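Asks: My structure is below; once you've seen it, I'll send some questions.
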């Protein structure tokens, strides 16, 4: 009785989901749904490809649909729409819009007696869980999230849009002193800009004005102006060779205080070192697809988040095995 | 509508629970239950003290009882006994006996329509949760648990029982090279002894034979013989001054692999740096007391573990607040 999973959208994330499903023998990948011409899409493991237009016809052949579109325009529409027909999991990551997204999806899923799990990944996702556990256990204290070292695709795109730029990659990197102070148990006030610096590796078009490009990057509002930013001009060959991957990661640290007069320091740290951001997110989505299926079987309809899922629901192991081997 | 909490047993852990409850405005400490003469016990915050014999009389005045006894002889009897009258939380930490303990407590709690949460703390506890999440998300890979640097009370006791020893403190410390290799993404086979070394700070009685004591420590089966152990002889004054606390901590690391041919390295690390082992465990117990109460209100009777508890149940914040501020 394998859990039958569909993949809706086939970019880096969809490919990661396809590969992650191979690692989970209790789940079966049914196929990929795309808005492109199905015959133009070749899957990594030879999965069949269907047109996104025909998704409804597969309602009785798929237990959970993993939505692999983007957060800015795809998921706000797709997740409520697909939740009318399927249990769904998405990685909606626009933090400020999560409450609205949850409300939209909840209405659709409840009406159809489906279960939807949204904002699954690592931030939002496992980082959120780390913050929630640490703050619940240590109500007195301060939580810090440091991102990186890793590639920010949004910032890389922003650099690429500058006139004269042929290609670019941007790394977000924790400021070493700030991270060291927090790891030392201190609780400084730190803005996002005080916690992170940015490095840009930029390929310019012929005759482009490097000084102007560097200035435009460093003064770009929101993206770079509040950060210590370093710009390196390199060749396309070097960019392809040394900066091809999409690594990411970071840490969530809570410095809490317990005991008489709240004088005892207690620190919790959760961290990720990821060679592939998309593949890790995909692996999280697949584990939560298992949970989504189980929650739907139990009648837990509507839109849920990672905060609502008991950890055991993520595992392929039985309760007895978990008690024996992991507890 | 505050959650009314009782504290059963009043050693370091019970005191930690008393102080942790002060940090949680949605919970109220009702009192301490002790097997000693109640009038002989003075609580840190002035909580009333009751005889453990009278606990049944308080059944309608307490929503959750936090059991603060030891795992070797207290909890195996106390948890099933008290679960006949109260929702309970305990920190039972004898890993090999957890399945039997769960079965015993489950029968008692189910019969009484109570909810019991056992083996709550950090290992078993938050370390177990970290292992479960990481292994569910990354089914291909290897998990490592390193303990320390921290005081092992069992090992300190074992040294103290040696003839000629007046007092002693034992620290468990991760082996630096082993930890560095794992943090570097490697997946070596490591025994517990290859992951940890031990340091003993020992105060001897007058004229005791230090060479013999050192030999007895280093060759003690199970406790020390498989470890690189260093023994330092110091004065009682130095022990009191520099080794008074009960710090502990450690890390759980999973090195997983995703992508084509499982070639992409993905590492998850969860770590604790605790100045007080007992106070942190107490804080975990208190957060899970909140969850226990909620699960009982929902009719989830019987014996549960941290694997069964949705993270949101630990928090005093509402779902809306959690979605807005932590997800």
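Readers should treat all values here as calculations from the given coordinates under stated rules, not as data from a laboratory. Computed from a prediction, not measured in an experiment: that's the story for all the values here. As a convention, Cβ positions derive from the backbone with ideal geometry for all residues, glycine included, and neighbour counts pool all protein chains shown.
Asks: Just to be sure before I move on: is residue B:285 more than 7 Å from every other protein chain (Cβ to nearest Cβ) and in contact (Cβ under 8 Å) with a residue 24 or more places away in the chain in the structure I sent?
Replies: Values: more than 7 Å from every other protein chain (Cβ to nearest Cβ): yes; in contact (Cβ under 8 Å) with a residue 24 or more places away in the chain: yes.
Answer is yes for this residue.
Asks: Here's something else I'd like to know. Which condition breaks for residue B:194 when tested against (1) in contact (Cβ under 8 Å) with a residue 24 or more places away in the chain; (2) within 21 Å of residue B:154 (Cα to Cα); (3) outside any strand (DSSP E or B)?
Replies: Status for residue B:194: all satisfied but (1).
Asks: If you don't mind, there's one more thing I want to ask. Report the residue count in region B:205-250 for those that are part of a strand (DSSP E or B) and either out of contact with any strand residue (DSSP E or B) (no Cβ under 9 Å at 6 or more places or on another chain) or under 24 Å from residue B:178 (Cα atoms) (or both).
Replies: In the first step, residues of region B:205-250 are kept if they are part of a strand (DSSP E or B); the result is B:228-233, B:246, B:248-250.
Filter once more, so that each one left must be either out of contact with any strand residue (DSSP E or B) (no Cβ under 9 Å at 6 or more places or on another chain) or under 24 Å from residue B:178 (Cα atoms) (or both): B:228-232, B:248-250.
Total satisfying the criteria: 8.
Asks: I'd like to check something: does region B:126-146 contain any residue that is in contact with a strand residue (DSSP E or B) (Cβ under 7 Å, 6 or more places away or on another chain) and more than 14 Å from every other protein chain (Cβ to nearest Cβ)?
Replies: no
Asks: For the structure I just gave you, tell me whether residue B:203 is crowded, with 19+ Cβ neighbours inside 10 Å, within 14 Å of chain A (Cβ to nearest Cβ) and in contact with a helix residue (DSSP H, G or I) (Cβ under 9 Å, 6 or more places away or on another chain). Don't jump to the end; show me each part of the working.
Replies: Working: crowded, with 19+ Cβ neighbours inside 10 Å: yes; within 14 Å of chain A (Cβ to nearest Cβ): no; in contact with a helix residue (DSSP H, G or I) (Cβ under 9 Å, 6 or more places away or on another chain): yes.
No; evaluated as a whole, the condition is false for this residue.
Asks: Further question: How many of the residues making up region A:260-279 are assigned to a strand (DSSP E or B) and either more than 7 Å from every other protein chain (Cβ to nearest Cβ) or under 22 Å from the mean Cα position of the chain (by Cα) (or both)?
Replies: Our first condition is that a residue be assigned to a strand (DSSP E or B); within region A:260-279, this holds for A:264-274, A:276.
Subsequent filtering for residues that are either more than 7 Å from every other protein chain (Cβ to nearest Cβ) or under 22 Å from the mean Cα position of the chain (by Cα) (or both) retains A:268-274, A:276.
Of the residues in that region, 8 qualify.
Asks: Out of the residues in region B:309-327 that are closer than 16 Å to residue A:311 by Cα and without any contact (Cβ under 8 Å) to a residue 40 or more places away in the chain, state the one that is farthest from the other protein chains (Cβ to nearest Cβ). Before you say what the answer is, go through the steps one by one.
Replies: At the first step, the residues of region B:309-327 found to be closer than 16 Å to residue A:311 by Cα are B:309-315.
Those left that are additionally without any contact (Cβ under 8 Å) to a residue 40 or more places away in the chain: B:310-315.
On the way: B:310: 5, B:311: 5, B:312: 4, B:313: 9, B:314: 4, B:315: 5 Å.
Ranking the candidates gives B:313 first.
This table checks each residue for (1) over 18 Å from residue A:11 (Cβ atoms); (2) part of a strand (DSSP E or B).
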| site | (1), (2) |
| --- | --- |
| A:33 | no, yes |
| A:57 | yes, no |
| A:60 | yes, no |
| A:66 | no, yes |
| A:77 | no, no |
| A:80 | yes, no |
| A:92 | no, no |
| A:96 | yes, no |
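Asks: Still on this structure: In the list B:162, B:82, which residue meets the criterion of being under 30 Å from residue B:244 (Cα atoms), touching a helix residue (DSSP H, G or I) at 6+ places or on another chain (Cβ under 8 Å) and more than 14 Å from every other protein chain (Cβ to nearest Cβ)? Spell out the reasoning first.
Replies: Values: B:82 fails: under 30 Å from residue B:244 (Cα atoms).
On inspection, the qualifying residue turns out to be B:162.
Asks: Moving on to the next point. So for region B:49-72 (the condition being in contact with a helix residue (DSSP H, G or I) (Cβ under 6 Å, 6 or more places away or on another chain), touching a residue at least 24 places away in the same chain (Cβ under 8 Å), more than 30 Å from residue A:286 (Cβ to Cβ) and within 11 Å of chain A (Cβ to nearest Cβ)), does at least one residue qualify?
Replies: no
Asks: Quick one: in region B:98-123, which of the residues that are buried (at least 23 other Cβ atoms within 10 Å of the Cβ) and part of a loop (DSSP other than H, G, I, E, B) is nearest to the other protein chains (Cβ to nearest Cβ)?
Replies: Result: B:119.
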